[in-house]
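Data first, discussion second: the structure below is written as structure tokens.
Throughout, read-outs are computed from the coordinates displayed, never taken from laboratory work. Quick caveat, the model's predicted, so the values are computed rather than measured. Here the Cβ positions follow ideal geometry from the backbone for every residue, glycine too, while neighbour counts run over all protein chains shown.
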Amino acid sequence: MQKTKNKRPAPRKPNTPPADKDDILSQELCSLALAQEDDLRHAVRRYLRQGKDAVLYGAIELARGEDADAYRTLKEAVEEDAGTVLLCKGDGPEMEINAFAIPLFVHSLGGLREAEGFQDEAAYAALLDSFTSAGLEGPKARVVLVQHAYDLAEMERISASQLNAMVHEAAAAMMDKKVAEAPALLRSIAGWQPSAFGAADEAVELRFLLGFALKRADDPFYAMPAAGKKQDAWFEARMQRYQDWTVSAAPLVQRCLAGADRAGALRLNFLYQDLFHGALQQGKSEHWMLAMMAEFGAALDSQGPARAVITLVETDEDAALGVQLIGAAGELAHADRRLDVGDDVEAELDDLRDALATLGIDDVTVELTAP
């Protein structure tokens with residue numbers, strides 16, 4: 001009988017699947033944030049250029065559970081570098097371009113119609129010019145405004161890397177002075193969510209004007225004074241210019257949002273102009289507050305007087321301020337205001353108290369400790 005050699009058994013395949021490459025990169029990026037490494041911003045910009053949103057958002061979530069300072073540092077780095085890009089062409093000066101947005105609530109009868117938006121070319125041209133003539137941007141800045149009013153869902157779908165690509169596309173169009181393809185920008189205009197408003201319904205809708213401003217990185221118009229009275233005056237002047245603009249530009253925005261027969265009837269409530277992510281957060285926060293007030297107001301109309309109780313709602317992943325509306329028969333309505341790491345809880349409570357007071361609810365009990 002022929003002898004056979006004993007063979008070493010084949011190694012068993014591990015039951016645990018290998019770590020996903022994106023997960024490994026997220027952990028490495030989180031580690032840079034935890035250590036406050038100088039390479040953090042370089043890594044963030046690299047992943048933005050490569051379109052690796054999964055790596056960026058994965059790292060942010062890891063940092064969120066590890067350390068509040070690292071979380072804020074990484075989140076701010078991703079948001080800033082996604083929406084602001086420094087460029088230099090040839091021997092020219094260093095240029096900066098950023099994405100900004102203006103949230104606004106539009107009151108109308110029957111709701112806005114997407115097909116009517118930005119059909120008035122004269123109004124659009126005047127609105128575009130107003131950003132520099134009214135002092136929202138510097139006199140030497142170049143501004144482009146997307147000819148579309150974004151709804152909240154469209155804004156939320158724009159990822160960090162897509163926003164970064166949109167900024168680069170806008171820069172190419174303004175600096176190269178030629179028509180360039182803009183696939184990321186076109187992809188961002190996904191269309192509004194369906195509306196349930198009837199023709200006779202009074203509608204309140206959140207929309208965002210989205211634009212890009214290109215200027216020299218050392219433009220003195222944007223130089224903020226050191227902390228103190230001069231800085232306070234600088235911000236006050238900036239705010240006054242914006243408030244004046246909301247009055248003078250309102251008719252132009254109306255004409256950009258609706259046809260000639262409906263534009264004049266629109267009522268606009270502007271929130272503050274900010275960089276993309278700041279404006280998005282403003283809009284989301286105010287949208288939540290108005291939705292809560294509408295629900296609570298309807299409950300008060302049908303059930304009569306009530307009091308409010310605000311408590312801390314915590315899970316393993318999240319925390320929120322839970323707002324209960326309590327009447328004679330028990331709970332009438334409930335809403336949770338999500339808290340992010342580092343949020344000013346007292347400021348959030350003040351906002352909730354103000355909103356409840358607007359509804360005539362002065363009996364408010366707070367039962368929580370700051371998370």
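Summary of values
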quantity	calculated
Max mean-square fluctuation residue, GNM over the chain, Cα-Cα springs under 10 Å, options Asn164, Asn269, Asn98	Asn269
Anisotropy class of segment 151-254 from Cα gyration tensor, a/c 1.5 cut	oblate
Subset of Lys21/Lys215; Lys89/Lys140; Lys52/Lys284; Lys140/Lys178; Lys75/Lys229 violating a 27 Å alpha-carbon distance limit	Lys21/Lys215; Lys75/Lys229
Of Ala223, Leu206, Ala82, farthest towards positive along the dipole that unit charges on Lys, Arg, Asp, Glu beta carbons give the chain	Ala82
Pairwise centroid distance, computed over Cα atoms, of segment 175-211 with segment 320-371, Å	33 Å
Charged-residue dipole, Cβ positions (Lys, Arg, Asp, Glu), the chain about Cα centre, Debye nearest 20	2000 debye
Length gained when the stretch Trp234-Ala250 is fully extended (0.36 nm per residue, less Cα-Cα span)	3.3 nm
Ordering of 25-32, 47-54 by burial proxy (mean other Cβ atoms within 10 Å per residue, highest first)	25-32, 47-54
Segment 114-183 shape via C-alpha gyration tensor axes, a/c threshold 1.5	oblate
Entry for Rg/Rh (Cα atoms, Kirkwood Rh) (calculated from the structure that is shown) out of [x] 0.97; [y] 1.11; [z] 1.06	[z]
Per-residue Cβ neighbour rank within 10 angstrom, fewest leading, Asp340, Asp22	Asp340, Asp22
Where labels lie 7 Å past Cα in the beta-carbon direction, separation of Ala125 and Val309 in nm	6.2 nm
Size of electric dipole in segment 224-295: Cβ of Lys, Arg +1 and of Asp, Glu -1, about Cα centre, debye, nearest 20	200 debye
Kyte-Doolittle at least -0.5, axis length at least 27 Å by Cα - qualifying DSSP helices, the chain	276-303
Ordering of 209-220, 318-329 by packing [mean C-beta count within 10 Å, highest first]	209-220, 318-329
Segment 38-101 versus segment 213-234: alpha-carbon centroid distance in Å	22 Å
Zone residues, segment 297-328, relative to Thr358, backbone N less than 13 Å from point 7 Å out along Cα-to-Cβ	297
Mean separation of Cα contacts under 8 Å (6+ apart) over length of segment 21-81, as relative contact order %	43 percent
